[in-house]
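The structure under discussion appears below in the form of structure tokens.
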Amino acid sequence: MVQEDVKCYHCGQACDDRQFTVEDKNFCCYGCKVVFEIINENNLCAYYDYEQHPGATVRQVDEEAYAYLEENAVQQKLLEFQSTSFSRVRFRVPAIHCVSCIWLLENLRKLDHGILRSEVNFARKSVVIDFNPERVSLKRVAGLMASVGYAPQIQLSSEQIAKPVTTDRLVSRLAVAGFCFGNVMLFSFPEYLGLDHNDALFQRLFPLLNLGLSIPVLIFSSRDYFYSAWKSFSQRQINIDVPIAAGLVALFFRSAWDILTGFGPGYLDSFTGLVFFLLIGRWFQSKTYESLAFDRDFKSYFPLAIRRWVNGNWKPVIIYELDPGDKISVRNLEIIPADSRLEKGEAYIDYSFVTGESRPALTRAGDRVYAGGRLIGQPATFVVEKKTSQSHLTTLWNHEAFRKKEENKYQRTIDRAARAFTWVVLLIALVTGLYWYAYQPTQMWLVLTSVLMVACPCALALAAPFTYGSMLRAFGRNQLYLKNADVIERMAAVNAVVFDKTGTVTHGTDPEVTLEGVLSQEELSAVKKLTSFSTHPLSKVVSASILGEEASEAGDFMELPGKGIEGRVDRKTYRIGSAEFTGAADDSTFTQARVWVAVDGEVRGYFRIQTNLREGIYAMIYRLGNKCAGLLSGDNDGERSAMAGLFGPNAELRFNQNPHDKREYIEQLQSAGKKVLMVGDGLNDAGALKQSDVGISVTDDTGVFTPSSDGILKGERVEDLDKFIRLAQRSAGILKAAFAISFLYNAIALSFAVTGHLTPLVAAILMPISSISVVSFASVSVRIAARLERLN
């Protein structure tokens, strides 16, 4: 027997005569009781503070339901990353429905200390869990989630979670609302045209048919609005759906009263049309967010290149062109772009890009390596197993370990504004209702519903994400690939730009390379081999300048940022790099870059390199004007006069700078109140790129960049840096204009609604139109702004 008056403290379901009691709290089943005890033992009872009965029922939990997750073949399909002490899995969890769900799932680590971190994506109903497989198994992770009421939905297809699509549920609710709206309008035509008063039967029948057609619209099509409003109240908050739900309830029940009492035909044509157009607006909003998500996943987003074996030669290709079975060569510090197998030998892989911690792992031939790992040491050959996932790499780039403290600032501001707006709307509706109740009670419900419908912050909520989303697309078309939308806001505030020299201001296209010293052909082959291992711009120049074949084998390769490379070939130890690193006596009177070579501790000479300035760099620095704060270089000051002529008297030029020195200089500028944009090659500038307000990593044909950077810029587009900054600044103006349009729409629409000149149906039509207007304005304005800057 079910006791209807006794509710389960955990899930809210009615308790039967087998109920369980703990601390004066009732539970419908043993599973809910155990969940409460787990939560209580770990001091997580704040879970129940967000709302009453937040949990999902757990009557059907089977402890052995996830035994198959112990199989290695299954784990290889599910796990995004796997090592002896760190693994990552992404589960879809349909039961996620509120802030309590998010709170509990993101505190799973307190329920089992083998779980390191969990992060919920509410929109996709998914959770990413990092765990230590030495302390907790994948089976245990899934079982723990099920035991607390959030059983994972496991799919063993190649893509665990597909791109977001408009749900069938929304489409079905829209279809029902459209069908009922059309038929209600049909049955209302006699009323519109004026029925003969002798047709009393039809006068009574048609309104009743309309009422019958409106009930599924109320119960089925409008359910999401009522559910969201109820959740909002239960969580002691207010959201956008509260005034909408209030208006729908008022309009339906006033119409039902009129029809059942014979007072009039009601307003059910307005009610059904209102829900129909509201759902169209929700569908449009979901499609706009889908378009933004798709653009972030699209192949133009992540620009890194890797060397692929093609017709007997290694050729650079963009990583999204890789297919399973392709053979790729990864050099020191390059990112492994796709899940692969090491073809032969051994390699050290640094997974800090994935885990946030730098701890190189030894990998042997045949072992699997995961996308996002960084090769440390001499090059290795891999065979691709899975096609590159843009969204996966983007997610890694946005790992919390690489976030800057000001990220998500604009979104928090928009959320606060939307909540305040909702309270203002409710207050206006209350005052309007009181006025019309006193002035003309028969019109009160129509006017009140129009006010609640037309004043909607949907356009306000869409303005920022769609403006910045359009900006991300505009930057991407012009080969500047930003980590997220927050970078645009920070870029707009930049008032100091700092450049690295080698690989940023200068590059290795058609350089003049001269060997000053004596090296045998065997030693030249060894130098060519070792420098080919490095992705540093000068190493690539030296390797390309040496004719003939590379040495066949090399070992003990090591690269020290800011210093040089070291390795063994044919029992000889080579050091290639700076004068200090090789033990040479440096002479700063030289104006060209030099790469020194020492063999078995003996300095044998150097390569003199006359590099060229990037095309258009002079004009770009001139356009930057006073924003150009300085140049940082690890080379000596032999090129000071040339750089002074390029940067002018106001820019500070610093040479012989190690990575720590570069970071300190950025900190000094920030201490002086500057908002700093640092542009570097991502090798020796990682610290400076991370410290800066905006860090841009320049890449030409390599897979090297630092995850601490905020953007990746194709080398040939460095000349447009000033245009990118101005475009970011224009985004602030576009966003303000979009906000102004939204507020202006609401002000005008509200003035018509409160004075009784706007019907609920027209108000419902205006809601999606307002959103379409803001989205269209943002898209067109961004495109115009890009063209004004002479960008694509």
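The values are calculated or read from the model by the stated rules, or taken from the named source; none is laboratory data. Here the structure is a predicted model, which means the values were calculated and not measured. Please note: Cβ atoms are built from the backbone with ideal geometry, for glycine as well, and neighbour counts cover all protein chains shown. The protein model used for the area step is the full one, side chains on, heavy atoms only, and it has no ligands, DNA or RNA in it. Shrake-Rupley method; radii C 1.70, N 1.55, O 1.52, S 1.80 Å.
Tell me yes or no: at least one residue of segment 194-214 is hydroxyl-bearing (Ser, Thr, Tyr) and at pLDDT below 90. Full working, then the answer.
As a first pass, look at segment 194-214 and keep what is hydroxyl-bearing (Ser, Thr, Tyr): 214.
Now drop any that are not at pLDDT below 90, which leaves none.
Taking every residue of segment 194-214 in turn, none turns out to be hydroxyl-bearing (Ser, Thr, Tyr) and at pLDDT below 90.
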- In segment 750-776, anything open to solvent by less than 60 Å² (accessible area, probe 1.4 Å) and either at pLDDT 85 or above or farther than 18 Å from VAL454 by Cα (or both) is listed as LEU750, SER751, ALA753, VAL754, GLY756, SER776
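Out of segment 313-327, which residues are of a type in the set (A, V, I, L, M) and touching a helix residue (DSSP H, G or I) at 6+ places or on another chain (Cβ under 9 Å)? Lay out the reasoning, then the answer.
Just the residues of segment 313-327 that are of a type in the set (A, V, I, L, M), to begin with: 317-319, 322.
The answer is ILE319, and nothing else.
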- Message: I need a count of the residues in segment 106-124 that are assigned to a helix (DSSP H, G or I) and more than 15 Å from ALA95 (Cβ to Cβ).
- Response: 2
- Task: Find the strands (runs of 3 or more DSSP E) located wholly in segment 339-405 whose residues include 1 or more that are open to solvent by 10 Å² or more (accessible area, probe 1.4 Å) and modelled with pLDDT of 85 or more, and list them.
- Result: 340-342, 346-350, 361-364, 380-384
- Message: If GLY687 satisfies all but one of (1) open to solvent by less than 30 Å² (accessible area, probe 1.4 Å); (2) modelled with pLDDT of 90 or more, what's the number of the condition it fails?
- Response: (2)
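Could you run through segment 536-554 and say how many residues are β-branched (Val, Ile, Thr), open to solvent by 10 Å² or more (accessible area, probe 1.4 Å) and touching a residue at least 60 places away in the same chain (Cβ under 8 Å)?
First, pick out the residues of segment 536-554 that are β-branched (Val, Ile, Thr): 541-542, 546.
Keeping just the survivors that are open to solvent by 10 Å² or more (accessible area, probe 1.4 Å) gives 541, 546.
Restricting the remaining residues to those that are touching a residue at least 60 places away in the same chain (Cβ under 8 Å) gives 541.
Looking only at that region, the number is 1.
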- Task: Filter segment 636-666 down to the residues that are open to solvent by less than 40 Å² (accessible area, probe 1.4 Å) and within 17 Å of GLN610 (Cβ to Cβ), then identify the one that is farthest from the chain's Cα centre (by Cα).
- Result: GLY638
- Message: Would you confirm whether or not segment 313-320 contains a residue that is over 30 Å from LEU766 (Cα atoms), open to solvent by less than 40 Å² (accessible area, probe 1.4 Å), at pLDDT 85 or above and more than 22 Å from the chain's Cα centre (by Cα)?
- Response: no
- Query: Looking at (1) open to solvent by 10 Å² or more (accessible area, probe 1.4 Å); (2) at pLDDT below 75; (3) in a loop (DSSP other than H, G, I, E, B), which is the one condition that is false for PRO54?
  - Reply: (1)
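Residues in segment 555-576 that are in contact with a Leu (Cβ under 8 Å, 6 or more places away or on another chain), open to solvent by 10 Å² or more (accessible area, probe 1.4 Å) and under 19 Å from GLU602 (Cβ atoms): how many? Full working, then the answer.
Pass one, segment 555-576, residues in contact with a Leu (Cβ under 8 Å, 6 or more places away or on another chain): 557, 559, 561, 565-567, 569, 574, 576.
When the remaining residues are screened for being open to solvent by 10 Å² or more (accessible area, probe 1.4 Å), the result is 557, 559, 561, 566.
Next, from what is left, pick out any that are under 19 Å from GLU602 (Cβ atoms): 566.
So the answer is 1.
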- Query: How many residues does segment 137-176 contain that are at pLDDT below 85, buried (at least 20 other Cβ atoms within 10 Å of the Cβ) and within 30 Å of ILE280 (Cβ to Cβ)?
  - Reply: 0
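Would you list the helices (runs of 4 or more DSSP H) that sit entirely within segment 456-547 and hold 3 or more residues that are touching a Phe, Trp or Tyr at 6+ places or on another chain (Cβ under 7 Å) and at pLDDT 85 or above?
Result: 521-532.
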- Query: What residue, among those in segment 293-312 that are modelled with pLDDT of 65 or more and surrounded by fewer than 17 Cβ atoms within 10 Å (Cβ to Cβ), is nearest to THR535 (Cα to Cα)?
  - Reply: TRP309
- Message: buried (at least 23 other Cβ atoms within 10 Å of the Cβ) and either modelled with pLDDT under 85 or not in a strand (DSSP E or B) (or both): is that true of THR591 in this structure?
- Response: no
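Condition check ((1) assigned to a loop (DSSP other than H, G, I, E, B); (2) modelled with pLDDT of 85 or more; (3) farther than 30 Å from ARG368 by Cα; (4) more than 18 Å from the chain's Cα centre (by Cα)) across all residues:
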site	(1), (2), (3), (4)
SER270	no, no, yes, yes
TRP283	no, no, yes, yes
SER286	no, no, yes, no
SER291	no, no, yes, no
ASN332	yes, no, no, yes
- Note on the structure: Cβ pairs under 7 Å, 6+ apart or interchain, first in segment 316-327 and touching a residue at least 40 places away in the same chain (Cβ under 8 Å), second part of a helix (DSSP H, G or I), ordered by first then second residue, are TYR320/GLN390
- Message: I need a count of the residues in segment 771-792 that are in a helix (DSSP H, G or I) and in contact with a Leu (Cβ under 9 Å, 6 or more places away or on another chain).
- Response: 8
- Task: Give segment 667-684 a look and list any residue that's modelled with pLDDT of 90 or more, surrounded by 21 or more Cβ atoms within 10 Å (Cβ to Cβ) and over 20 Å from PHE724 (Cα atoms), or say none.
- Result: LEU669
- Query: Regarding ALA593, is this residue more than 30 Å from GLY673 (Cβ to Cβ) and within 43 Å of the chain's Cα centre (by Cα)?
  - Reply: yes
- Note on the structure: Over segment 106-123, the set of residues within 22 Å of the chain's Cα centre (by Cα) and open to solvent by 70 Å² or more (accessible area, probe 1.4 Å) is LEU116, PHE122, ALA123
- Message: Tally up the residues in segment 532-559 that are under 38 Å from the mean Cα position of the chain (by Cα), under 18 Å from GLY377 (Cα atoms) and not polar (S, T, N, Q), please.
- Response: 8
